[in-house]
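Comments concern the structure below.
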Amino acid sequence: MWAGRFQKALDKKADDFNSSLRFDCRMYAQDIRGSIAHATMLESVGILSKEDKDLIINGLKGILSDIEQGVLTFDNEAEDIHMFVEAELTKRIGDAGKRLHTSRSRNDQVAVDIRLYLRDEAENVIALIKDVLSALLDQAEENADVIAPGYTHLQRAQPISFAHQLLAYAMMLRRDMGRIRDAVARMNAECPLGSCALAGTTYPINRDMTAELLDFDGVSLNSIDGVSDRDFCVELMSAFSILMMHLSRLSEELILWSSWEFKFIDLDDSYTTGSSIMPQKKNPDMAELIRGKTGRVYGNLMGLLTTLKGLPLAYNKDMQEDKEAVFDSLDTVKMCLEVLAPMLATMKVNGKNTYRAAQKGFINATDLADYLVKKGMPFRAAYKIVGTIVAECIDKDCVLDNLPLTDYQKHSDLFTEDLYAEISLETCVNKRLSKGGASPQSVRDQIQAIKESL
Ligand code: ARG
């Protein structure tokens, strides 16, 4: 391409090192779409003749369909997808192909291509998040009346509807979708095409037209910023990192819940693996991998932030590193969501075990204190009495539910027979009717609200 300035070809190793075709070839459709818009605009302002424009557009369409049909492959010598398409076009249509790059640079071209590519892929990610959400909602609906211990510090804390905990993850995913949409809205606000190499151009181009043809909301207002901005990659990768953090926390729970220590759930055979030596094993590998892959998505974000931090304006080749990072995060997030949705949909919740776990650990102690408070005792005083009673139960190896009334009455004469109904797990859960609380009713309200917002 730059043979005019150079006497020697690039060294083979240097050429391989420099080339991005093996990973940016996935943007071929976006690159072609950008070029069609550019050619259309060039003709409209009189820079290209109608014949050349038609040749270019038909040529580009032919390349697109040949790539899609597998007739044209990316095994040639081009440095990147932009030069691949241009070289192929020129091979097919001759001189008109050489006119396409007028008043354009790969610097603004790549900035457009990545935006177009990520914009489409972000929609796919959102659709996959919805699949996970819908699996969570189905499980929540089915298990609204399942009583389980809720935890703090991984110590049994208060009884909840098991579905309430599942829906906590649904709320996270809903915010994740919002974050991805925000990132897309910003990446789509400004079309950088026409920034050219860094300084714009002396040609009378119509940037608003290309922006509109490519469905951007407007144009970037500073050509240097136009070619050097990769905020949109960082922003999307941040949203992906937060999403992965959520998937990882959920995976961690699935791993714990499916262990013999908990046995709150059984994961379906199709999402677990055995051991090569221990015949009894059923391992939650998929959940572990989601937890594990979270590290690499964070790593990609940190990697790109670090790549960008010392770059002088405008374009620097370092920025080519954006693509492997953002594509890897994208692929990883998609894979994780694709496995997680059916794994959640097929898991079985063991309500008996969650109930049994809720019976131990004095998780109705707060409710016992509240019982005294409702009879007029200040909360701190009630809290202290219940603490003493819990210690007494531990001594006697019993639970609050079967400690005799006479023992209760030694601590306060506010205790009467009705305390047992008041601290039953069913009461504790069903009466947690405060907005956003852990009751089955609240769970149903949450499901409804999420469904409406989708
Ligand atoms: N392959 C390059 C990238 O991904 C395209 C832009 C190259 N521009 C340049 N002036 N070398 O960043």
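We did not get these values from a lab; they are worked out from the coordinates using the rules stated. Quick caveat, the model's predicted, so the values are computed rather than measured. Don't worry about glycine lacking a Cβ; one is built from the backbone with ideal geometry, like all the others, and counts go over all protein chains shown.
A compact globular protein would have a Cα radius of gyration near 2.2 N^0.38 Å; the ratio found for the stretch 43-150 is 1.77. For the chain, the dipole from Cβ point charges (+1 on Lys and Arg, -1 on Asp and Glu) about the Cα centre works out to 720 debye, to the nearest 20. Over the chain, Cα pairs under 8 Å with separation of 6+ residues give a relative contact order of 17 percent. Would you be so kind as to identify all helices of the chain, as entire DSSP H runs, whose Cα atoms reach 15 Å or more along the helix's own axis and whose mean Kyte-Doolittle hydropathy is at least 0.0? Span-like helices here: 81-93, 162-187, 231-257, 285-309, 321-346, 379-396.
Here 51, 123 are placed in order of increasing Cβ neighbour count within 10 Å, fewest first, which gives 51, 123.
Extension gain for residue 405-residue 384 works out to 5.8 nm (0.36 nm per residue, less the C-alpha to C-alpha distance).
Based only on other Cβ atoms within 10 Å, what is the fewest-to-most ordering of 153, 101?
Numbers: 153 6, 101 18.
Ascending Cβ contact count within 10 Å gives the list 153, 101.
Taken over the stretch 44-98, the percentage of Cα pairs per 10 Å bin, counting from 0 up to the bin with the maximum distance, is 24, 51, 21, 4. The calculated 222 nm mean residue ellipticity attributable to helices in the chain amounts to -20500 deg cm²/dmol, summing -39500 (n - 2.57) over DSSP H runs of n ≥ 4 and dividing by all residues. On average, how much area does the Cα convex hull of the chain cover when viewed from any direction, in nm²? Taking a quarter of the hull surface, the average projection is 29.9 nm². What's the FRET efficiency of residue 318 with residue 263 using the Cβ-Cβ distance as r and R₀ = 51 Å, to the nearest 0.05? Step by step, r from the Cβ atoms, then E = 0.50. Out of all DSSP beta bridges with both ends in the chain, state the antiparallel percent to the nearest 5. Percentage antiparallel, nearest 5: 90. Pairs of Cα atoms in the stretch 244-303 fall into 10 Å distance bins, from 0 up to the last occupied one, in shares of 23, 45, 24, 8, 0 percent. For residue 283, the residues whose modelled amide H falls within less than 5 Å of its own, excluding neighbours fewer than 5 places apart on the same chain, are 273, 274.
Put in line by how crowded their Cβ is, counting other Cβ atoms within 10 Å and starting with the fewest, 429, 390, 71 read 71, 390, 429.
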